[in-house]
């Protein structure tokens, strides 16, 4: 397109009519695009018209500007209308854009996360034993998380290297045991609850540890509850959750809030008990800590330790998931790999 050296209002109007006619007469989409480039393109007539507005007399510049805008708007509208008509004609020849007679596309169904699956199964199993579900806040106070559980002020778990402190005596709970304290403070015995939930500790992440994890803790308080009741409850849970082929053992241990205390281990799913990096060559993976509720804990919540006894336990949900589903590394549960998670559908 040759450059325009002189222009008046009549010429702009004539070019407008010429561009509209060219768009309306274009037979193909490519022909419409050629019209757009000729009249509205970066090197087309519109930039030249806009550049030439400065050459109009001051009294005519307003009218010239309106004519330039009309040039742009009219040709643009004509181009869009012609494209719509051409594409509609092409669609009419080719058939409907959507064939509703075709079968729908299959979308894979979602599934629960392995952690959610374990929690759901655990709640179902313990519910059959008469346990109710209790919940509490993730942000706890130091009294419920430590002091009421008979944890001394000098215990290493209170250090900032172990616990996420938030200030003003608040922290991210290190266990779901504070829920047990809250329940006992507000309900008289007997009590039989489980407390599934998320916990937080300053652990170094490895194959079996994470700074954010899930626990299911249980509490049973009644008259004449014994350690045998505790072992029978956990063994029954293990058989219902894992099946009869998974081994279980109880080892003496110490926890501030239980006396006597035990640790419960399940046999390693990776090596079958022979020893590997997941079980640290021991053949076992620690699942639960448990024991008889210390009488001093009962004293903190106003229970009569002479009349009532009870047991408490806490187990890691992720570690149960690792054993149940053969997951070699706890980090796989939180990498959000859809290919991995789809296996549990």
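Quick check on the exposure proxy: order 271, 199 from fewest to most C-beta atoms within 10 angstrom.
Working: 271 15, 199 22.
Taking fewest neighbouring Cβ atoms as first place, the list is 271, 199.
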- Query: Where is the GNM fluctuation largest for the chain (alpha-carbon springs, 10 angstrom cutoff): 48, 215, 281?
  - Reply: 48
- Normalised by the residues of the stretch 9-94, what does the relative contact order come to in percent, with Cα pairs under 8 Å and at least six apart? 42 percent
- Query: Expressed as a rounded percentage, what relative contact order does the chain have, with Cα pairs under 8 Å and six or more residues apart?
  - Reply: 15 percent
- Which of 284, 308, 106 moves most in a GNM of the chain, Cα contacts under 10 Å? 106
- Give me 36, 42, 173, 61 ranked fewest to most by other Cβ atoms within 10 Å of their Cβ, as a rough exposure proxy. 42, 61, 36, 173
- Query: Where is the GNM fluctuation largest for the chain (alpha-carbon springs, 10 angstrom cutoff): 77, 240, 134?
  - Reply: 77
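Using a 10 Å cut-off around each Cβ, can you sort 234, 166 from fewest to most neighbouring Cβ atoms?
On the way: 234 21, 166 11.
With the fewest neighbours first, 234, 166 line up as 166, 234.
When the helices in the chain are scored as -39500 (n - 2.57) per DSSP H run of 4 or longer and the sum is shared across all residues, what 222 nm value do you end up with, to the nearest 500 deg cm²/dmol?
Numbers: 11 runs with 136 residues, N = 345.
Mean residue ellipticity at 222 nm (helix-derived): -12500 deg cm²/dmol.
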- Item | Cα long-axis angle, helix 227-242 against the chain (0 to 90 degrees, to the nearest 10) | 40 degrees
- Semi-axes of the chain's equivalent ellipsoid from the Cα gyration tensor, sqrt of 5 times each eigenvalue, largest first, rounded to whole Å? 77, 27, 19
- Quick one: check the C-alpha center-to-center distance for the stretch 296-339 versus the stretch 33-47, whole angstrom. 72 Å
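Could you sort the peptides 176-183, 125-132, 51-58 by per-residue average Cβ neighbour count (10 Å cutoff), highest mean leading? Spell out each step's value before the answer.
Working: 176-183: 24.0, 125-132: 15.0, 51-58: 12.1.
Highest-to-lowest ranking by the protection proxy: 176-183, 125-132, 51-58.
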- Note on the structure: Here, the stretch 9-94 modelled as identical Cα point scatterers in vacuum has Debye log10 I(q)/I(0) at q = 0.14 Å⁻¹ of -0.50
- Compute the long axis of helix 9-25 from its Cα atoms, compare it with the longest principal axis of the Cα atoms of the chain, and write down the angle in degrees, 0 to 90, nearest 10. 60 degrees
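Bear in mind that the values in this text are calculations on the coordinates, not laboratory data. Just so it is clear, the structure is predicted and the values come from calculations on it, not from any experiment. Quick reminder, even Gly has a Cβ in these numbers, built from the backbone with ideal geometry, and neighbours come from all protein chains shown.
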